[in-house]
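Participant: Pasting in a structure now, in structure tokens, and then I'll have a few things to ask.
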Amino acid sequence: MNKRFFRCLLLTLVCLAAPVLVQAYDFWVDGICYNILSFEDRTCEVTHNGSNSYQNFVDVPSTVDYNGRTYRVLGIGDRAFYGCRNLEDLTIAEGVTYIGANAFSQLRNITSLTLPTSLDSIASNAFSNNSDLSSLTLKGQSVVLDDYAFSSCTGLKTLSVKGNIRRIGEGCFDHCSSLAAMTIPSGVETIGENAFLCCYALTAFKVSADNAFFMAKGGVLFDKQQATLVAFPNGKEGSYVIPSGVTTIADGAFAGSKLLTKLTIPGSVSVIGFAAFNRCQSLTNIINLAVLPQEVRDDTFATYGKLHVLSSSKSAYRADEVWSRFTIMGDAVDTTPAAFAADDDIRITSHSGVLQVVGIPTGAILSVCDVQGKLLWQSAVQSGSAHVALPAGSVYIIKVHDKTFKFKI
């Protein structure tokens, strides 16, 4: 009994000590490796072959036969062709629905690529750092482009969207420095931060008229209500005046605009996102018409030149930790037409979308509602006056203590 036990124990230890060979894929056909996703559904995906070497020409099929079964090829897995420098020609058949993270990153010889109609998602960094890729055609009807999907494709000049895009992720076309034209299709719902950072050949955005979320004005990208400035094309040079009524400059909105030299910020802007003017090294003149300085971070600006503000606001900007780094000049003049209303001691004006209420009794509640009665802003006022940034072009109900005003900005 003891001998038998020890023999079994010895055999077990030998088996445990033996090297275990793990195959990185389930099967391969015509030089392409696959993993089975479901035996029942007979689906599979293209996978990595254990090295970074594939044949020069790869045709990813819609179906593949193995062991008497036909499998549908649903996608191309993470890092499937990562770093395959010898790959020169790539075809992806209809039926493939996704491309995984880094699947075709770090290639060198692919110059033109057409992706199938069936494709609905391209994961992060899927085609990043493909410097020779110059022409890209997207045919999917509702494609999600994940973060940095085509970042650092420095040779990409032509992007043709034959279908539609639902999402453009953060940094999606970051450092696509040759991309000269970009039309936001009708289906785009979200655009991530720095999606077009360092696209130095891009001088103007265009947006499909059917898009419900975005619009372009003067080649600059805004949300549909034109309340948020989403992205400024990095190739646009000279001076720029942000339209009155814009309330928010998005994170990184102007980042990489190295040819921008002068900017006018209307009084309606109350929010400036982080790194909004990063890498804007030529921006040496800013006119800021906001009565009170917006809260900004250390990474907001690349350089600190001259800052022109309203004379009455000069001390407020000098007291701010970041704005005070500029050479502040109180010579700005707000030429935006002002709205006006008054009742005894209370006076209401608006410039560039900023509502100013003065003569408020100390401690009184100031409320701003839309015409449907929805409360937009409310605060107890201690200083006798208040400034509220609101989108222009709308009518507001303003309540001060026991008085009510109907006011259009």
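Participant: Would you check which residues across the range 347-367 are surrounded by 22 or more Cβ atoms within 10 Å (Cβ to Cβ), closer than 21 Å to T248 by Cα and not small (G, A, S) and list them?
Facilitator: Within the range 347-367, H351, V354, L355 meet the criteria.
Participant: Take the residues in the range 75-117 that are charged (D, E, K, R) and within 18 Å of S134 (Cα to Cα), then tell me which one is surrounded by the fewest Cβ atoms within 10 Å (Cβ to Cβ).
Facilitator: Initially, the range 75-117 is screened for residues charged (D, E, K, R), giving 78-79, 85, 88-89, 94, 108.
Applying the additional criterion that residues be within 18 Å of S134 (Cα to Cα) yields 85, 88-89, 108.
Numbers: R85: 12, E88: 16, D89: 14, R108: 16.
For the range 75-117, the residue satisfying everything is R85.
Residue-wise test of (1) under 15 Å from A103 (Cα atoms); (2) part of a strand (DSSP E or B); (3) of a type in the set (A, V, I, L, M); (4) without any contact (Cβ under 8 Å) to a residue 12 or more places away in the chain.
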residue	(1), (2), (3), (4)
C33	yes, yes, no, no
I36	no, yes, yes, no
E45	yes, yes, no, no
N49	yes, no, no, no
V58	yes, yes, yes, no
D65	no, yes, no, no
R79	yes, no, no, no
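Participant: For residues that are in contact with a helix residue (DSSP H, G or I) (Cβ under 6 Å, 6 or more places away or on another chain) and in a strand (DSSP E or B), scanning just the range 320-353, find the one that is modelled with the lowest pLDDT. First the steps, then the outcome.
Facilitator: As a first pass, look at the range 320-353 and keep what is in contact with a helix residue (DSSP H, G or I) (Cβ under 6 Å, 6 or more places away or on another chain): 323-324, 328, 330.
Then drop every residue that is not in a strand (DSSP E or B), which leaves 328, 330.
Numbers: I328: 97, G330: 94.
My answer is G330.
Participant: From (1) part of a helix (DSSP H, G or I); (2) on the phi > 0 side of the Ramachandran plot, pick out the condition that doesn't hold for A316.
Facilitator: It fails just one condition, (2).
Participant: If I ask for residues that are over 23 Å from L310 (Cα atoms) and buried (at least 17 other Cβ atoms within 10 Å of the Cβ), which ones from the range 260-278 would you list?
Facilitator: First pass over the range 260-278, keeping only residues over 23 Å from L310 (Cα atoms): 274-275, 278.
Matches in the range 260-278: A275, N278.
Participant: Which condition number does V400 fail, the rest of (1) surrounded by 12 or more Cβ atoms within 10 Å (Cβ to Cβ); (2) without any contact (Cβ under 8 Å) to a residue 40 or more places away in the chain; (3) under 13 Å from Q356 (Cβ atoms) being met?
Facilitator: Answer for V400: the failing condition is (2).
Participant: Hey, another quick one. Give the range 265-286 a look and list any residue that's touching a Leu at 6+ places or on another chain (Cβ under 7 Å) and either under 22 Å from A204 (Cα atoms) or at pLDDT 95 or above (or both), or say none. If you could, list the steps in order and put the result at the bottom.
Facilitator: Looking only at the range 265-286, we keep the residues that are touching a Leu at 6+ places or on another chain (Cβ under 7 Å), and these are 265-267, 277, 280, 282-283, 286.
Answer for the range 265-286, where residues must be touching a Leu at 6+ places or on another chain (Cβ under 7 Å) and either under 22 Å from A204 (Cα atoms) or at pLDDT 95 or above (or both): I265, P266, F277, C280, S282, L283, I286.
Participant: Looking at this structure, is N125 touching a residue at least 24 places away in the same chain (Cβ under 8 Å) and under 17 Å from the mean Cα position of the chain (by Cα)? Outline the logic, then answer.
Facilitator: Details: touching a residue at least 24 places away in the same chain (Cβ under 8 Å): yes; under 17 Å from the mean Cα position of the chain (by Cα): yes.
It is true that N125 is touching a residue at least 24 places away in the same chain (Cβ under 8 Å) and under 17 Å from the mean Cα position of the chain (by Cα).
The values are calculated or read from the model by the stated rules, or taken from the named source; none is laboratory data. As the structure is a computational prediction, the values presented were derived from the model and not from experiment. Here Cβ is always computed from backbone atoms with ideal geometry, including for glycine, and neighbour counts include all displayed protein chains.
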